[in-house]
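Q: The structure is given below, and queries will be raised subsequently.
The values are calculated or read from the model by the stated rules, or taken from the named source; none is laboratory data. Keep in mind that this is a model prediction, so the values were computed, not measured. Using ideal geometry, Cβ is built from the backbone for each residue, glycine included, and neighbour counts are taken over all protein chains shown.
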Amino acid sequence: MRFYLPAIIVAAVAFAVPATASASEIIDRNASNVTLKVASNGQALVSYNARGKRWNMLAWGAVNAIHPTQSRPQVEFRIDYSGGYGTYKRDVWKTLEDTCRPYDGPELQWFVTGCKASDGSYWALQSWQRMLPNYGLAASPTQAVWELRLSHWSGPLPELTVNLNWAYRKYHHLFGSFTYLGKPVHGFKSTAAGVPLDTFGRNLYLDTFNSAYGKG
């Protein structure tokens, strides 16, 4: 039973703790049989089933999101859904040698798979339903999709703190902060409804348990 807060939040790196892929990049929807390999050159191969076929996607070129700035957009992966042929004119996915070790990083929510690269950085795939409607309404097939998201990071994770007190002596009041390496994370502009208008903005959602919106 979640509802939407018209607030701008940004992830300064891949995950919060317990982590969500706030600075992750969507790869596909309703994916299954997902596997991950990472070569020594830093290219990741994500293979999965979706939309009636098997995909072999290469991703590279991004590690750790940058702090919010108006001088440049947020970092993003370079992605080749042809498995390398579109970039190199050959099927890289067929010969890519996996050098990634088993994942031993922080616990991640909605974790699908991950690994530790030879350079010590972490790659991870997560999947969750970002498009669910507010107030626990029944979801349409479009809203119910599970998004498969990829992240790549090294070093410390951002820190999310949430506190609770009372407002006007009768309302629960939630407040907190989200920082990365001691700096606040945030967007710069949004619509009146809270939709981010830059590459740093993120929305915060809350789930309620046994509230006025329903049980469970």
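Q: When the stretch 62-104 is examined, which residues are found to be at pLDDT 95 or above and of a type in the set (Gly, Ala, Ser)?
A: Ser71, Ser82, Gly83, Gly84, Gly86
Q: Here's a follow-up. Filter the stretch 174-201 down to the residues that are outside any loop (DSSP other than H, G, I, E, B) and not hydrophobic (A, V, I, L, M, F, W, C), then identify the one that is farthest from Ser24 (Cα to Cα).
A: Only one residue tops the list, namely Gly176.
Q: While we're here: Suppose we keep only residues that are polar (S, T, N, Q) and out of contact with any Gly (no Cβ under 8 Å at 6 or more places or on another chain) within the stretch 61-101. Which one would you say is nearest to Asn49 (Cα to Cα)?
A: Per the criteria, the residue is Ser82.
Q: Same structure again: Please give the number of the condition Lys189 fails out of (1) among the charged types (D, E, K, R); (2) at pLDDT below 90; (3) surrounded by 11 or more Cβ atoms within 10 Å (Cβ to Cβ).
A: (2)
Q: Assess whether Ala139 counts as being among the aliphatic types (A, V, I, L, M) and assigned to a loop (DSSP other than H, G, I, E, B).
A: yes
Q: Let me ask another. Go through the stretch 105-127 and give me each residue that's surrounded by 13 or more Cβ atoms within 10 Å (Cβ to Cβ) and either in a loop (DSSP other than H, G, I, E, B) or at pLDDT below 95 (or both).
A: Passing the criteria: Gly105, Pro106, Leu108, Gln109, Trp110, Ala117, Ser118, Ser121.
Q: Moving to a separate point now. Would you check if Leu160 is outside any loop (DSSP other than H, G, I, E, B), within 18 Å of the chain's Cα centre (by Cα), surrounded by 12 or more Cβ atoms within 10 Å (Cβ to Cβ) and at pLDDT below 95?
A: Yes.
Q: Assuming Thr87 fulfils every condition listed in (1) outside any strand (DSSP E or B); (2) surrounded by 19 or more Cβ atoms within 10 Å (Cβ to Cβ) apart from one, which condition is it?
A: (2)
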